[in-house]
Amino acid sequence: MIQKKKKIKRNWHTLQGQPLTEMDKIILDWQNKGKLVPKRELIKSKEQIEGIKRAGVLNTAVLDEVQRIIAPGISTEEINTVVHEFTVSHGGIPAPLNYEGFPKSVCTSLNEVVCHGIPDPDEILEEGDIINVDCTTILDGFFADASRMFVIGKTTPQKQKLVDVAKECLEIGMKAAHPYCFVGDIGYEIAKHAHKNGFSVVRDLCGHGVGLEFHEEPDVLHYGKKGSGMLLVPGMVFTIEPMINMGDWHVFIDEDDGWTVVSEDELPSAQWEHTFLMTESGLEILTY
Ligand code: MF3
Ligand code: CO
Ligand code: CO
């Protein structure tokens with residue numbers, strides 16, 4: 001009897017005949033188990049990682065500059081001016097400007113605005129406000145994306161707690177990630193922490209691959225089941241950017257500008273974001 005040779009499923013997005021690396025084997029294994037695995041171009045080269053790191057250094061400097069000038073009485077337009085001028089004078093390009101029609105160089109999201117707030121000369125920061133400033137910098141063609149919350153003066157204990165818990169969610173998401181984990185492992189821990197504190201996680205927006213473009217695969221959801229979503233392997237670069245609401249997670253988009261995302265119940269929202277590199281030993285922050 002002729003023994004039937006079992007057909008080996010060698011795909012991992014069309015592997016060639018060369019010997020398999022350890023990483024190839026793991027990816028192939030998960031692919032054969034039906035999991036979502038990264039395309040080859042999502043695994044960055046050494047040179048690309050160096051470029052993204054340089055963009056990250058500039059992006060951090062931009063946010064530090066915002067931190068120096070932000071105060072009661074300034075407008076979100078003034079934040080935009082600082083971001084634009086600092087970025088350009090250091091050889092970078094603010095990625096939001098003209099991105100899919102976005103009219104400004106930075107997103108400024110005040111209180112109940114969840115994200116994608118548009119800087120405005122008539123929007124003046126007041127004592128007690130909480131604001132997210134989200135900067136994305138292009139340097140030599142490489143992208144880095146990060147955001148911070150700023151508390152203007154002193155705010156209420158509940159708003160301060162929201163800002164703190166949102167930051168903890170990012171840190172917890174970062175610690176939940178390790179090489180060959182899944183996106184869902186991160187989201188699961190983030191949502192658990194938000195819910196434990198009585199807050200909700202926005203579901204309509206997510207983190208994303210980044211580096212060669214503004215938004216790449218994978219989608220990085222901030223909620224979900226362990227083991228769901230894409231496999232994360234060394235060399236991948238992506239953001240985690242949980243948006244945490246004080247009330248309900250539902251949001252709407254301002255019809256007038258088509259951008260501003262607001263919590264449906266108009267209760268405050270907070271978000272922190274970093275760009276991360278997956279390494280052999282876990283996540284490295286590229287936007288410190
Ligand atoms: N920086 C945002 C993010 O974290 C995206 C902003 S898109 C813009 O993904 F057009 F509003 F700038
Ligand atoms: Co982002
Ligand atoms: Co961002």
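Can you name the residue in segment 137-166 that is among the acidic types (Asp, Glu) and not in a loop (DSSP other than H, G, I, E, B) and is also nearest to PHE276 (Cα to Cα) among such residues?
ASP145
Any chance you could count how many residues in segment 192-211 are under 24 Å from PHE252 (Cβ atoms), in contact with a helix residue (DSSP H, G or I) (Cβ under 9 Å, 6 or more places away or on another chain) and within 12 Å of ligand 1 (Cβ to nearest atom)?
Count: 2.
Go through segment 207-224 and count every residue that is of a type in the set (A, V, I, L, M, F, W, C) and buried (at least 22 other Cβ atoms within 10 Å of the Cβ).
3
Within the set of pairs 6+ apart or on separate chains, which have a first residue in segment 226-241 that is on the phi > 0 side of the Ramachandran plot, a second that is within 16 Å of ligand 2 (Cβ to nearest atom), and C-beta atoms under 6 Å apart?
Note: pairs meeting the criteria are GLY229/VAL183.
Do any strands (runs of 3 or more DSSP E) lying entirely in segment 235-283 carry at least 3 residues that are farther than 26 Å from ASP129 by Cα, and which ones are they?
274-279
If a residue must be of a type outside the set (Lys, Arg), in a loop (DSSP other than H, G, I, E, B) and within 25 Å of THR136 (Cα to Cα), how many such residues does segment 195-215 contain?
Within segment 195-215, residues that are of a type outside the set (Lys, Arg), in a loop (DSSP other than H, G, I, E, B) and within 25 Å of THR136 (Cα to Cα) number 10.
Taking LYS192 as the residue in question, decide whether it is closer than 19 Å to ILE131 by Cα and either part of a helix (DSSP H, G or I) or among the acidic types (Asp, Glu) (or both).
Spelling it out, it is not the case that LYS192 is closer than 19 Å to ILE131 by Cα and either part of a helix (DSSP H, G or I) or among the acidic types (Asp, Glu) (or both).
Can you confirm whether segment 45-67 contains a residue that is surrounded by fewer than 18 Cβ atoms within 10 Å (Cβ to Cβ) and over 30 Å from GLU280 (Cα atoms)?
Scanning segment 45-67 turns up at least one residue that is surrounded by fewer than 18 Cβ atoms within 10 Å (Cβ to Cβ) and over 30 Å from GLU280 (Cα atoms).
Being more than 21 Å from GLY247 (Cβ to Cβ), within 15 Å of ligand 2 (Cβ to nearest atom) and not aliphatic (A, V, I, L, M) is the filter here; which residues of segment 116-146 pass it?
Listed by number, the residues that qualify are ASP134, CYS135, THR136, THR137, PHE142, PHE143, ASP145.
Just to be sure before I move on: is LEU162 more than 10 Å from ligand 3 (Cβ to nearest atom) and under 25 Å from SER75 (Cβ atoms) in the structure I sent?
yes
Just to be sure before I move on: is LEU42 under 18 Å from LEU232 (Cα atoms), touching a Lys or Arg at 6+ places or on another chain (Cβ under 9 Å) and among the hydrophobic types (A, V, I, L, M, F, W, C) in the structure I sent?
No, not satisfied.
How many residues are more than 18 Å from THR137 (Cα to Cα), within 16 Å of ligand 1 (Cβ to nearest atom), buried (at least 19 other Cβ atoms within 10 Å of the Cβ) and of a type in the set (A, V, I, L, M) when one looks only at segment 237-288?
6
Would a scan of segment 70-85 turn up a residue that is within 16 Å of ligand 2 (Cβ to nearest atom), closer than 30 Å to LYS159 by Cα and surrounded by fewer than 21 Cβ atoms within 10 Å (Cβ to Cβ)?
Scanning segment 70-85, I find no residue that is within 16 Å of ligand 2 (Cβ to nearest atom), closer than 30 Å to LYS159 by Cα and surrounded by fewer than 21 Cβ atoms within 10 Å (Cβ to Cβ), so the answer is no.
Suppose we filter GLY117, GLY91, GLY128 for residues that are of a type outside the set (Ser, Thr, Tyr), away from ligand 3 (no atom under 16 Å from the Cβ), touching a residue at least 40 places away in the same chain (Cβ under 8 Å) and not in a strand (DSSP E or B); which single one remains? Reasoning before the result, please.
Details: GLY117 fails: away from ligand 3 (no atom under 16 Å from the Cβ); GLY128 fails: touching a residue at least 40 places away in the same chain (Cβ under 8 Å).
The match here is GLY91.
Is it the case that some residue within segment 3-20 is part of a helix (DSSP H, G or I), over 21 Å from the mean Cα position of the chain (by Cα) and surrounded by fewer than 16 Cβ atoms within 10 Å (Cβ to Cβ)?
no
Considering only residues of segment 94-103 that are touching a residue at least 12 places away in the same chain (Cβ under 8 Å) and within 16 Å of ligand 2 (Cβ to nearest atom), which is surrounded by the fewest Cβ atoms within 10 Å (Cβ to Cβ)?
TYR99
For ASP134, are the conditions met, namely being within 16 Å of ligand 1 (Cβ to nearest atom) and either in a helix (DSSP H, G or I) or surrounded by fewer than 17 Cβ atoms within 10 Å (Cβ to Cβ) (or both)?
Taking the combined requirement at face value, the residue does not satisfy it.
What's the total number of residues in segment 126-181 that are touching a Lys or Arg at 6+ places or on another chain (Cβ under 7 Å) and of a type in the set (Val, Ile, Thr)?
Selection size over segment 126-181: 2.
Each reported figure results from applying straightforward, stated rules to the coordinates on display, with no laboratory input. Fair warning: this is a prediction, and the values are worked out from it, not measured in the lab. Cβ sites come from the backbone with ideal geometry, for glycine too, and all protein chains shown count toward neighbours.
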